[in-house]
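These notes concern the structure reproduced below.
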Ligand code: ADP
Ligand code: MG
């Protein structure tokens, strides 16, 4: 099979399933393009992913593939240990290009065709709580009567993974359900920008903007991305005016309230304030439990109540992360056929917390460790061999590995240019100390919590 067909298939799959699943299961796939024409042969990094894909996604891939080529009748997965570099940090294998660079990036693939609404994002699959109630009511109102409420434009703002895109797309889906003849356009600001640049290059900005100007409902996601992009903002300004004057509905999302958006022209910001700006707050514990329950039910996964609470207490930063936990649990439970226990959850949670905690710097970690043990910061960084200093350094290295996404090499560099084998040694050392010395675990926990991750 030709790579471009596979790219189309991937792109079409990415429209149907959510981004998290796509990243987890489809991103690692590499096409073996020497396979027979009736077979899609895919390299997968390990047996676990092969089994999971085989059980859960084979038919999905097949049905998407057949819409491109009816000749395709089978899918096979081959574990490719040679290419099994997924779990190696990229800058530790500099001479060996990481496999991710040859993978197909769905956003690259879909650039020329506009994204559609994802049918999974509906108002009924959106769990309502005090944190998002107002936003949801406004969303319902504009989707039922686009352009006819006072909420024009409607701007929904809030942090990452709190449901802005979900709600925005629900507005589109519900509007089409109520008014099938309406023209709904959903686009992210990034896609808008990239397509606009293309249009300028190809001299067809008129055709480009026509699509937006003729919408009854324009859904523009993550408008903060326009920051600093003057000509894109200008084009969007004119589109906005045309739509507004014609009584068409505009809905926007952003990470911050309009008056805090940096790098956007004042005239745009003031227009964003004409209608209603409404926020989504992080969900509290009860809502997180409710969301988890809903996600688990959608996947036919039954999670005992105490475990739901345990997860919801430990994963509090955003809903995408909660979903990630359900996906992993699903994987674990179906492959190992084991019951969902607190120990299993601890294992599953280990991986997720890391993803979110890339923002803390190694310097900050060193500072907190130095502070905790009352040793000078420089002693931790420099080549000081005193035993207690060495232990502090190892703890700082260990915490750096636990809570950041830095590679071993980068961590070593931050500790006076030590190499990655020293970091590995430190991590092993602390891991073994943790099992024999309960004070170490307590210390580490306290230091991590002082980082306010
Ligand atoms: P944002 O756009 O704010 O970064 P998303 O809309 O992409 O966040 O939400 C992240 C994930 O969490 C999505 O898969 C979405 O379906 C889910 N989600 C967010 N809020 C809710 C909610 N209230 N009920 C159910 N699922 C939600
Ligand atoms: Mg979003």
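The values are calculated or read from the model by the stated rules, or taken from the named source; none is laboratory data. Since we're looking at a predicted model, the values are computed, not measured. Here the Cβ is made from the backbone with ideal geometry for all residues, glycine too, and neighbour counts use every protein chain on show.
For the stretch 209-229: of the residues being more than 24 Å from residue 139 (Cβ to Cβ) and more than 27 Å from the chain's Cα centre (by Cα), which is farthest from ligand 1 (Cβ to nearest atom)? Give the steps one after another, and end with the answer.
Within the stretch 209-229, the first condition is being more than 24 Å from residue 139 (Cβ to Cβ), and the residues that meet it are 209-210, 227-229.
Filter once more, keeping what is more than 27 Å from the chain's Cα centre (by Cα): 209-210.
Values: 209: 25, 210: 27 Å.
Going through the qualifying residues, I end up with 210.
Filter the stretch 230-243 for residues that are in contact with a strand residue (DSSP E or B) (Cβ under 7 Å, 6 or more places away or on another chain) and either within 16 Å of ligand 1 (Cβ to nearest atom) or touching a residue at least 40 places away in the same chain (Cβ under 8 Å) (or both) and give the result. It would help to see each step written out before you state the result.
Initial filter on the stretch 230-243 (in contact with a strand residue (DSSP E or B) (Cβ under 7 Å, 6 or more places away or on another chain)): 240, 243.
Matches in the stretch 230-243: 240 only.
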| query | Across the stretch 138-166, what is the number of residues that are within 13 Å of ligand 1 (Cβ to nearest atom) and without any contact (Cβ under 8 Å) to a residue 24 or more places away in the chain? | reply | 0
| said: If I filter the stretch 7-26 for residues that are farther than 27 Å from residue 322 by Cβ and either exposed (fewer than 15 other Cβ atoms within 10 Å of the Cβ) or within 16 Å of ligand 2 (Cβ to nearest atom) (or both), do I get at least one hit? | reply: no
| task | Check off (1) within 12 Å of ligand 2 (Cβ to nearest atom); (2) in contact with a helix residue (DSSP H, G or I) (Cβ under 7 Å, 6 or more places away or on another chain); (3) modelled with pLDDT of 95 or more; (4) not in a helix (DSSP H, G or I) for residue 218 and give me the number that stays unchecked. | result | (1)
| task | Mind counting the residues in the stretch 246-271 that are under 26 Å from the mean Cα position of the chain (by Cα) and either in a loop (DSSP other than H, G, I, E, B) or surrounded by 16 or more Cβ atoms within 10 Å (Cβ to Cβ) (or both)? | result | 13
| task | Return the total of residues in the stretch 143-163 being surrounded by fewer than 24 Cβ atoms within 10 Å (Cβ to Cβ) and either within 9 Å of ligand 2 (Cβ to nearest atom) or not assigned by TED's automatic domain parsing to the domain that holds residue 118 (or both). | result | 2
